[in-house]
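**Q** Dropping a structure here in structure tokens format, bear with me for questions.
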Amino acid sequence: MPNIQSAKKDLRKSRAAAVRNRAQRSALRTAVKKAKSAAAAAEDRLTATSLLDRAARKGLIHKNAAARQKSKLAKAAQSV
């Protein structure tokens, strides 16, 4: 445990951010899986694309990873 006040605050902030990131990453993965399913509606793909864009913008995932996943979703939607 840190002794310095600013280090204590940093620890609290990083723990809160870790919880927030875990929740957002989980929601993102769920949305992408739902969009990849055979019974996916256009609305599901739109939601997943939006979440991917937001995650990349916020630094949750790399921007190229988001672009790659969006491309795969679009390609899958095209083939259906």
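**Q** What FRET efficiency, computed as 1/(1 + (r/R0)^6) with R0 = 35 Å and r the Cβ-Cβ distance, is obtained for residue 7 and residue 53, rounded to the nearest 0.05? Before the final figure, lay out the partial values.
**A** Numbers: r = 34 Å, r/R0 = 0.98.
Approximately 0.55, to the nearest 0.05.
**Q** Give the value in nm², to one decimal: projected area of the alpha carbon convex hull of the chain, averaged over all directions.
**A** On the way: hull surface 23.8 nm².
For the chain, the mean projected area of the Cα convex hull comes to 5.9 nm².
**Q** Further question on the same structure: Which is farthest toward the positive dipole end of the chain among 49, 21, 73, measuring Cα position about the Cα centre, with Cβ charges +1 (Lys, Arg) and -1 (Asp, Glu)?
**A** With unit charges placed on the Cβ atoms, the residue in question is 21.
**Q** Checking the table 13/63; 36/70; 33/75 against a 19 Å threshold on Cα-Cα, which pairs fail?
**A** 13/63
Any read-out appearing in this document is the output of simple, stated calculations on the displayed coordinates, not a laboratory observation. Since the structure is predicted, the reported quantities are computational estimates derived from the model, not experimental observations. Positions of Cβ are generated from backbone atoms using ideal geometry, with glycine treated the same way; all protein chains shown enter the neighbour counts.
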